[in-house]
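S.K.: Dropping the structure in here first, questions after.
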Amino acid sequence: MSHLRIRNLSHRYGLTEVLDQINLELSAGQTLALVGPSGCGKSTLLHIVAGLLIASDGKIDMTFDRVSCAFQEPRLMPWKSALDNIALGLKASRLSRSQRRHEAAQLGHRMGLSTEDLDKYPHGLSGGMQSRVSLARALAIRPDLLLLDEPFSALDIGLKTVLYQLLSEQTVHNKTAVFLITHDLMEAVRL
């Protein structure tokens, strides 16, 4: 079974220690939420797991094959439409361009985005729509580990509920492990 194991992980920015002796395990199909105030090192840990930072000390053992991330800031490609942003990760697959766009459109619609929305560029979308595009892009590759850094913070409560359900279906159907960073305790409990 695929897993993520972190042992005695520590990280420093210069002389400031932000993570000290972190230990955790996450297996396929499980959801793990880290809850805490801003500045306590949650995002740093997620960036280390994603391979965007190298830990100062400790060991990470990860056997997941397809890792995907959605961040608080959507980080969309401004020169690509919402549809093409969602389809971006599928480009590495052996799907044709039309198949990639079809799958991306289906996922975008499940996220509550209209065909008109999918044709827009990021600057033409609201913050909530950009967040949905970012989450759809992360889900499009059917990850076995999904790293989420407060991706729902720009969304209203009604849309959050819809996306929680979609995420739940994804994790059950694909046995996706979810590593969620949040400051919202109720969000962590719901997921």
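The values are calculated or read from the model by the stated rules, or taken from the named source; none is laboratory data. Please read all numbers here as calculations on a predicted model, not as lab measurements. All Cβ positions, even for glycine, are placed from backbone atoms using ideal geometry, and neighbour counts span all protein chains on display. With ligands, DNA and RNA removed, areas are computed over all heavy atoms of the protein, side chains included. Shrake-Rupley method; radii C 1.70, N 1.55, O 1.52, S 1.80 Å.
S.K.: With respect to the numbered conditions (1) of a type outside the set (Lys, Arg); (2) at pLDDT below 95; (3) within 14 Å of the chain's Cα centre (by Cα), which one is the sole condition not fulfilled by GLY29?
M.R.: GLY29 satisfies all of (1) of a type outside the set (Lys, Arg); (2) at pLDDT below 95; (3) within 14 Å of the chain's Cα centre (by Cα) except (3).
S.K.: (1) modelled with pLDDT under 90; (2) open to solvent by 50 Å² or more (accessible area, probe 1.4 Å); (3) not polar (S, T, N, Q): which one isn't true of GLY127, the others all being true?
M.R.: Among (1) modelled with pLDDT under 90; (2) open to solvent by 50 Å² or more (accessible area, probe 1.4 Å); (3) not polar (S, T, N, Q), the lone unmet condition for GLY127 is (2).
S.K.: So, one more: Look through THR171, THR115 and report the one residue that is of a type in the set (S, T, N, Q), under 17 Å from the mean Cα position of the chain (by Cα) and either more than 19 Å from GLN72 (Cβ to Cβ) or open to solvent by less than 50 Å² (accessible area, probe 1.4 Å) (or both).
M.R.: Exactly one of THR171, THR115 is of a type in the set (S, T, N, Q), under 17 Å from the mean Cα position of the chain (by Cα) and either more than 19 Å from GLN72 (Cβ to Cβ) or open to solvent by less than 50 Å² (accessible area, probe 1.4 Å) (or both), namely THR171.
S.K.: Can you list the strands (runs of 3 or more DSSP E) found entirely within segment 1-110 that contain at least 3 residues being open to solvent by 60 Å² or more (accessible area, probe 1.4 Å) and in contact (Cβ under 8 Å) with a residue 40 or more places away in the chain?
M.R.: 3-13, 57-62
S.K.: So, one more: Within segment 156-186, how many residues turn out to be within 20 Å of GLN130 (Cα to Cα) and in a strand (DSSP E or B)?
M.R.: 3
S.K.: While we're here: Identify, by number, the condition in (1) part of a loop (DSSP other than H, G, I, E, B); (2) free of Cβ contacts under 8 Å to residues at least 40 places away in the same chain that PRO143 doesn't meet.
M.R.: Checking PRO143 against (1) part of a loop (DSSP other than H, G, I, E, B); (2) free of Cβ contacts under 8 Å to residues at least 40 places away in the same chain, the one that fails is (2).
S.K.: Of the numbered conditions (1) within 25 Å of THR31 (Cα to Cα); (2) without any contact (Cβ under 8 Å) to a residue 24 or more places away in the chain, LEU185 satisfies every one except a single condition; which is it?
M.R.: For LEU185, the exception is condition (2).
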